[in-house]
Each structure stands twice: as structure tokens, then as C-alpha cells.
Amino acid sequence: MLSVNVKIGRKPLTLRVAVVGSGPAGSSAAETLAKAGIETYLFERKLDNAKPCGGAIPLCMVSEFDLPPEIIDRQVRKMKMISPSNREVDINLIKQDEYIGMCRREVLDGFLRDRAAKLGANLINATVHKVDIPSNNTDPYTIHYIDHSEGAVQGITRTLKVDLIIGADGANSRIAKEMDAGDYNYAIAFQERIRLPQDKMAYYNDLAEMYVGNDVSTDFYAWVFPKYDHVAVGTGTMHVNKASIKQLQAGIRARASEKLAGGKIIKVEAHPIPEHPRPRRVVGRIALVGDAAGYVTKSSGEGIYFAAKSGRMCAETIVEISQNGSRIPTENEIKLYIQRWDKKYGLTYKVLDILQTVFYRSDATREAFVEMCGDLDVQKLTFDSYLYKTVVPANPFTQLKITAKTIGSLIRGNALAP
């Protein structure tokens, strides 16, 4: 078999890339590669997959990834933060054109996947179960997979040879295992989709709620996020506490019981969430993106935007270093993607890690956290950072005020905590 990159006359055959997983990370990568004319194969095990997820996306993602309005269920302009003592702080977006988008993952993921396929990516409904690693820098990888496209229960065993692989197959990534990417700490997210009576649903028309307290999450927060015709009610905790996840879910159901009265559970979901990047995100000619790489932020638990962005950045780097698919890039060249990612977002992850360590460690500090959320300076900094993924440093006077308020909130939090 000829290498796919052997020159015929003066024109080289294009690079072949397999993208495993078609969530926001994989589909964004496949779209970028296909648009550049690179031969792209997009693997997805379950085409109707609905990942357990709050489904919130920042405003900048709508324009940056050309998302049509019909895939956004709700435009949230109000947030309600609720402390362990049930103190409520309302946060409102002032500008009329600003909002947090609420999506169902099966709708968002399906749109991005279909768009990548329309632009030229070869969509394969299959489960990848093994990768043969070549012994040199030019021979192809062999992907072993079970093809489900013909509807057979057992599927059909097939193989595909490619020059490069992008692993976008989530927290339990098979590609990460095959490349020996190393492990990471992870959390468990548990979520119930609840269809509410019309009058109850009206309350959540443009409002999302976040609850904190040991009764709803020992490590993070719990949420009630509005969707098209239901709300997503969920919580998360570190995997070491996973035995208590149903108890914590019962906690958020109890805290929000009055608002959820008369609701009917239509779906129950659970999923692991990575807590930090894997030790190795590029090995040979295999790169990881999205949850497979560990790109979920601490404190906020945000992952959708960073998944899509990492997929696109990885693919853009591959297009660049392969000269639009005319040569096989090396491991060191592919690692340019990691360098660019860490330079752009490394500080964001560190800051949110610190915030989680400071404010989520006890009910007293959670009380302080909710109090801080009521401060207009804090709200502006937070939403500028979240909505547009740009951090504008506060002027020294504002920063001093925020620091003083933080100390004061921590002191008062100890008195307010139940």
C-alpha cells in the first residue's frame, strides 16, 4: 500500500486526519480541516447522544462559531445566586443585546456535526476500539472500529489508515488511553431534565439559578438552567464523593422544590467531567482536544466553548504546519497547538482554580462568594470575562475595592453560614 503522502507527478496526496468524537471539539476540528481541503474522517459512536450538561454558552461563541438563533433555546439575561443560608443575589445583564445562551447538547452537537459533514468531512457512525501505533514518523496509524452505519446490532469490523488523529472523545477518551496520555482527577455531573407546568416554566423564561452549599455540592455548585420546554436540574462533585451524588441531587431538588412543583422528570443523565489537563496532550501524531484533553474550567465548570475553541485551534495549527495537508507534521510541530492554547488560556484556568479553592471550601466561604456576586464591579469583571473571553484588568482603585470587599465578605460569611 502506498503511503497517502507519496507524490504523484508534482501534486502530493492530501494528509488524512481522523477526528474521533463529534461533540463541539471534534466537529469544530473536522470543519476546519475539511474547509482547508484535508481528507477528514469524523467518527461518532452515537449520533443522537445527549451529553449531561448545563448547556450554557457565552455570547462570543454565537458569533465566533456562526451559531444560528434556532439552536439556542433560551437567552438568559438574569442569574440568581443562592447561598447555603438561602440568601439570594440577583445578577442582571444590563445591555439588551447581551445574553448567556442555553442549549440542548443534542441540538448543538448535531448542528456542528452536520455542518462539518456538509463542508466535506466524512462522517462515520462507529465505535473506535483500538489504534495501531506506527514505529516511525511517517507510516500511517491504523484505526480499528465497529461500523454501526448499516444498522446491524453487532456492527461491522473495519480499519482505516490515517496520518494523524485528533482525540475528541470525551473524559473517558479511548484515544487518550491508546496514546498513554495519563490520567487526571475528574468530577461527576448528575442532571435531571424536568418538564414544568407552563406557569412554573414562565419563571425561568430568561432566568438561570445557581445554588451553593454542602447540601447540594461538596465541591462545586448546583444549577437550574432553562431549556426549550423544560429545565435542567443538576449538580456535580469530585469522583471521590460520587457515592453521595444522588443525595446531593436530592438536595438541589429540595432547595428548588417550590419552583419545581408539578414537574415531571423526562430524562436522567450522568457524566464524568475532567478537572485539569492531561499530563500529555500530544504524543506522536495524536492530539487531544476538549474534555479528552481536560479543558473544563474549575469554579464555573465551563467546557463547551473551550472544547469548540480547542478543536478549532488544534485543526488550524495542523493546517498551518502541514501546509494545507501537503506534508506530514512532526510531534514537535503539533505541540505548537499546546503552546498556543496554554499561552491564551492558561491564566484563566489558574485563576478559576484559585477561586474554587478559596470560595468552595466551606459554607462560610460560599456565603462570602454569593455576597461578592452582588457587587457591581465583580459582576462587570465576571461577565466581561465570561461573555467575551477577554479579561480587562480593573483599575487599581477598583481592584483595591474588590479586595477589601472580598475580605469583608469572607468575615461575614463565617457568621452567616448555617
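If I ask for residues that are basic (Lys, Arg) and either outside any strand (DSSP E or B) or on the phi > 0 side of the Ramachandran plot (or both), which ones from the range 245-288 would you list?
Within the range 245-288, LYS246, ARG253, ARG255, LYS259, ARG278, ARG280, ARG281, ARG285 meet the criteria.
Which one of these is under 30 Å from ASP147 (Cα atoms) and among the charged types (D, E, K, R): ARG87, ARG105?
Going through ARG87, ARG105 in turn, just one is under 30 Å from ASP147 (Cα atoms) and among the charged types (D, E, K, R): ARG105.
The conditions are (1) within 18 Å of ALA34 (Cβ to Cβ); (2) crowded, with 21+ Cβ neighbours inside 10 Å, and GLU371 fails exactly one of them. Which is it?
In the conditions (1) within 18 Å of ALA34 (Cβ to Cβ); (2) crowded, with 21+ Cβ neighbours inside 10 Å, GLU371 misses (1) alone.
Does the range 298-306 contain at least one residue that is surrounded by fewer than 20 Cβ atoms within 10 Å (Cβ to Cβ) and polar (S, T, N, Q)?
yes
Hey, does the range 68-91 have a residue that's surrounded by fewer than 24 Cβ atoms within 10 Å (Cβ to Cβ), over 20 Å from CYS314 (Cα atoms), under 16 Å from the mean Cα position of the chain (by Cα) and small (Gly, Ala, Ser)?
No; the residues of the range 68-91 include none that is surrounded by fewer than 24 Cβ atoms within 10 Å (Cβ to Cβ), over 20 Å from CYS314 (Cα atoms), under 16 Å from the mean Cα position of the chain (by Cα) and small (Gly, Ala, Ser).
Restricting to the range 99-114, what's the tally of residues that are among the acidic types (Asp, Glu) and open to solvent by less than 20 Å² (accessible area, probe 1.4 Å)?
Adding up the residues that qualify gives 1.
Over 22 Å from THR40 (Cα atoms) and open to solvent by 20 Å² or more (accessible area, probe 1.4 Å), is that true of GLN323?
no
Specify the residue that is most open to solvent (accessible area, probe 1.4 Å); the eligible residues are those in the range 223-240 that are more than 23 Å from VAL107 (Cα to Cα) and either in contact with a Ser or Thr (Cβ under 8 Å, 6 or more places away or on another chain) or of a type in the set (Gly, Ala, Ser) (or both).
MET238
Quick check on LYS200: is it part of a strand (DSSP E or B), open to solvent by 20 Å² or more (accessible area, probe 1.4 Å) and farther than 29 Å from THR357 by Cβ?
It is false that LYS200 is part of a strand (DSSP E or B), open to solvent by 20 Å² or more (accessible area, probe 1.4 Å) and farther than 29 Å from THR357 by Cβ.
Quick check on GLY263: is it in contact (Cβ under 8 Å) with a residue 24 or more places away in the chain, of a type outside the set (Phe, Trp, Tyr) and buried (at least 23 other Cβ atoms within 10 Å of the Cβ)?
No.
With the range 64-178 as the region, which strands (runs of 3 or more DSSP E) entirely inside it contain at least 2 residues that are in contact with a helix residue (DSSP H, G or I) (Cβ under 6 Å, 6 or more places away or on another chain) and at negative phi?
Output list reads 88-92, 122-132, 164-167.
Could you identify the single residue in ILE273, ILE252, ILE245 that is farther than 17 Å from GLY55 by Cβ and either surrounded by fewer than 20 Cβ atoms within 10 Å (Cβ to Cβ) or not hydroxyl-bearing (Ser, Thr, Tyr) (or both)?
Unique residue meeting the criteria: ILE245.
Applying the selection to the range 40-67, what residues are open to solvent by 60 Å² or more (accessible area, probe 1.4 Å) and in contact with a strand residue (DSSP E or B) (Cβ under 7 Å, 6 or more places away or on another chain)?
ARG45, LEU47
Do we find a residue being in contact with a helix residue (DSSP H, G or I) (Cβ under 9 Å, 6 or more places away or on another chain), at pLDDT 95 or above and of a type in the set (S, T, N, Q) anywhere in the range 16-24?
Scanning the range 16-24 turns up at least one residue that is in contact with a helix residue (DSSP H, G or I) (Cβ under 9 Å, 6 or more places away or on another chain), at pLDDT 95 or above and of a type in the set (S, T, N, Q).
Please enumerate the residues belonging to the range 353-368 that are part of a helix (DSSP H, G or I) and open to solvent by less than 40 Å² (accessible area, probe 1.4 Å).
GLN356, PHE359, ASP363, ALA364, THR365, ARG366, GLU367, ALA368, listed by residue number.
So for the range 95-109 (the condition being at pLDDT below 95 and in contact with a Cys (Cβ under 6 Å, 6 or more places away or on another chain)), does at least one residue qualify?
The answer is yes, given that some residue of the range 95-109 is at pLDDT below 95 and in contact with a Cys (Cβ under 6 Å, 6 or more places away or on another chain).
Exactly one condition in (1) modelled with pLDDT under 95; (2) under 21 Å from ILE166 (Cα atoms) is false for VAL319; which is it?
Condition (1) is where VAL319 drops out.
The values are calculated or read from the model by the stated rules, or taken from the named source; none is laboratory data. Model, not experiment: these values are computed from the prediction. With ideal geometry, Cβ positions are generated from the backbone for all residues, glycine too; neighbour counts draw on all protein chains shown. Surface accessibility is based on the protein's heavy atoms, side chains included, excluding ligands, DNA and RNA. Shrake-Rupley method; radii C 1.70, N 1.55, O 1.52, S 1.80 Å.
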